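Participant: Pasting a structure below so you can have a look.
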Amino acid sequence: MMISETDKPSQARAEETAASPPLLDVQGLGISFRASGGSLSVVRDVTFAVQPGECVGLVGESGCGKTVTGLALMGLLPLRSSRFQGRIDFSGEDLLSLSERQWRRIRGRRIGMIFQEPMSALDPIFTIGEQIGETLRTHFRIGRAEARDRAIEALSKVGIPEPATRHDAYPHELSGGMRQRAMIAMAISCEPDLLIADEPTTALDVTVQAQIMDVLGELSARSGMAMLFISHDLGLVSQTCNRIVTMYAGEVVETGTSDDMLTRPRHPYTSGLLRSLPSFTPRKARLPSIPGRVPRPGEFSEGCRFEGRCRYATPPLQGAADAGAAA
Ligand SMILES: Nc1ncnc2c1ncn2[C@@H]1O[C@H](COP(=O)(O)OP(=O)(O)OP(=O)(O)O)[C@@H](O)[C@H]1O
Ligand SMILES: [Mg+2]
């Protein structure tokens with residue numbers, strides 16, 4: 001069952017959507033990986049859009065397909081072992097039909113990404129500034145001196161104190177929070193139209209997490225950059241994003257405004273995510289969680305994939321079960 005905002009048309013939203021075409025328009029995206037004995041469907045029929053300058057959250061538990069979706073939007077899934085369905089339109093271009101050469105024009109330049117594993121994205125043998133400068137020089141015809149100035153400017157934009165000194169530091173010389181800021185600086189250095197932020201704060205303590213969220217919110221507000229913010233934390237996402245897309249077991253189950261999702265979630269999975277937020281539970285009470293686990297690719301059921309964990313699911317009628325067994 002997929003629930004979307006279009007079930008409840010709003011005049012204002014319809015006018016807004018008609019006025020500006022989406023920056024990113026994902027239509028019926030399907031992703032399968034080649035596996036022994038055939039192909040494994042990991043993401044199915046994912047549809048959502050991001051308007052220019054808009055911040056959209058992509059939420060769901062671990063293993064729901066958020067990162068795989070994000071990597072597809074960056075053209076980073078291996079072409080030899082991945083199969084795609086549907087369309088990903090970005091600024092009117094169909095990203096799924098681009099060659100690797102054409103991708104290099106867009107990846108890192110028009111779409112930036114903060115990766116879920118920050119340490120694996122930073123190279124330990126180059127300074128922070130060299131890595132940002134390299135990204136800049138790949139996309140712009142600039143010399144080393146200008147690359148340095150622009151890298152320092154990016155470090156300063158993400159609130160790194162003494163950016164000129166930090167420019168010459170190696171990743172291991174920075175704290176976790178500063179490294180994450182450096183990652184954000186690298187992702188925004190080419191001033192992309194869209195930033196994909198995949199769990200940008202998960203490894204950080206709560207205070208630093210709040211600072212990074214502020215940095216991202218400010219960057220988006222100041223520069224007009226759109227953002228796809230990927231997280232398992234519905235509460236965190238709702239603070240920064242105006243719209244939220246909920247994924248479950250490789251599918252989108254609900255799309256709506258953050259306000260609607262927090263106050264009137266319509267899919268039982270979104271309600272379950274909401275109930276398991278600490279802020280929705282009285283102090284000292286045990287935090288409820290959704291029983292069971294996300295099915296893995298290959299275990300998906302034919303009908304509603306959430307059925308096995310859904311509090312509203314009903315056992316099949318006896319007659320229907322008998323008919324099924326007889327068939
Ligand atoms: N290259 C691959 N081949 C086969 N299966 C894969 C591959 N990459 C990811 N998967 C599977 O796809 C599913 C979705 O993975 P994904 O990393 O997108 O989840 P996620 O929502 O980002 O989870 P998390 O919150 O833990 O980051 C998982 O079951 C994962 O094991
Ligand atoms: Mg992930």
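Participant: Just the Kirkwood number for the chain, please: inverse of mean 1/r across all distinct Cα pairs, in Å, one decimal.
Facilitator: Working: mean 1/r = 0.0471 Å⁻¹.
Taking every pair of different Cα atoms in the chain, averaging 1/r and inverting gives 21.2 Å.
Participant: With all pairs of different alpha carbon atoms counted, what Kirkwood hydrodynamic radius in Å does the stretch 124-191 show?
Facilitator: 11.4
Participant: Taking the Cβ of each residue in GLU173, GLU199, GLU191 as the centre, tally the other Cβ atoms inside 10 Å and list the residues starting with the fewest.
Facilitator: Ascending number of Cβ neighbours within 10 Å: GLU173, GLU191, GLU199.
Participant: Treating only the Cβ atoms of Lys and Arg (+1) and Asp and Glu (-1) as charged, compute the dipole magnitude of the chain about its Cα centre; round to the nearest 20 debye.
Facilitator: 440
Participant: Ok, one more. Go through the stretch 47-60 residue by residue and turn each phi into a ³J(HN,Hα) via Karplus (6.51, -1.76, 1.60, θ = phi - 60°); whole Hz please, and just put x for glycine and proline.
Facilitator: After applying 6.51 cos²θ - 1.76 cosθ + 1.60, I find 10, 6, 9, 10, 7, x, x, 8, 10, 10, x, 10, 10, x Hz.
Participant: Further question on the same structure: If I take the Cα coordinates of the stretch 27-114 and project them onto the principal axes, what are the three extents in Å, biggest first?
Facilitator: Its Cα atoms span 42, 32, 23 Å along the three principal axes.
Participant: Please work out the FRET efficiency for the pair PHE33 and ARG222, using the Cβ-Cβ distance as r and a Förster radius of 51 Å; give the result to the nearest 0.05.
Facilitator: Efficiency, from the Cβ-Cβ distance: 0.85.
Participant: Just subtract the alpha-carbon distance of ASP149 and GLU191 from 0.36 nm times their residue separation and send over the number in nm, one decimal.
Facilitator: 13.7 nm
Participant: In the stretch 110-134, which residues have a backbone nitrogen under 20 Å from the label point lying 7 Å from LEU40's Cα in the Cα-to-Cβ direction?
Facilitator: Those under the cut-off are 116-117.
Participant: Here's something else I'd like to know. Hey, what did the stretch 124-191 get for relative contact order, percent, Cα under 8 Å, at least 6 apart? Mind showing how you got there, number by number?
Facilitator: On the way: 78 pairs, mean separation 31.1, N = 68.
About 46 percent, as a whole number.
Participant: Now a separate question. Let me have the relative contact order for the chain, percent, based on Cα pairs under 8 Å that are six or more residues apart.
Facilitator: Dividing the mean separation by the residue count of the chain yields 23 percent.
Participant: Considering the options PHE140, THR127, THR240, tell which one lies farthest towards the positive end of the dipole of the chain, charges being +1 on Lys and Arg and -1 on Asp and Glu at the Cβ, about the Cα centre.
Facilitator: Toward the positive end, the furthest listed residue is THR127.
Participant: Report, in deg cm²/dmol and to the nearest 500, the calculated mean residue ellipticity at 222 nm for the chain, where each DSSP H run with n ≥ 4 adds -39500 (n - 2.57) and the sum is divided by the residue count. Each step should come with its number before you reach the end.
Facilitator: Details: 13 runs with 120 residues, N = 327.
Per the formula, -10500 deg cm²/dmol.
Any read-out appearing in this document is the output of simple, stated calculations on the displayed coordinates, not a laboratory observation. Everything numeric here is computed off the predicted structure, so don't read it as measured data. Ideal geometry is used to build each Cβ from the backbone, glycine not excepted, and the neighbour counts take in all protein chains shown.
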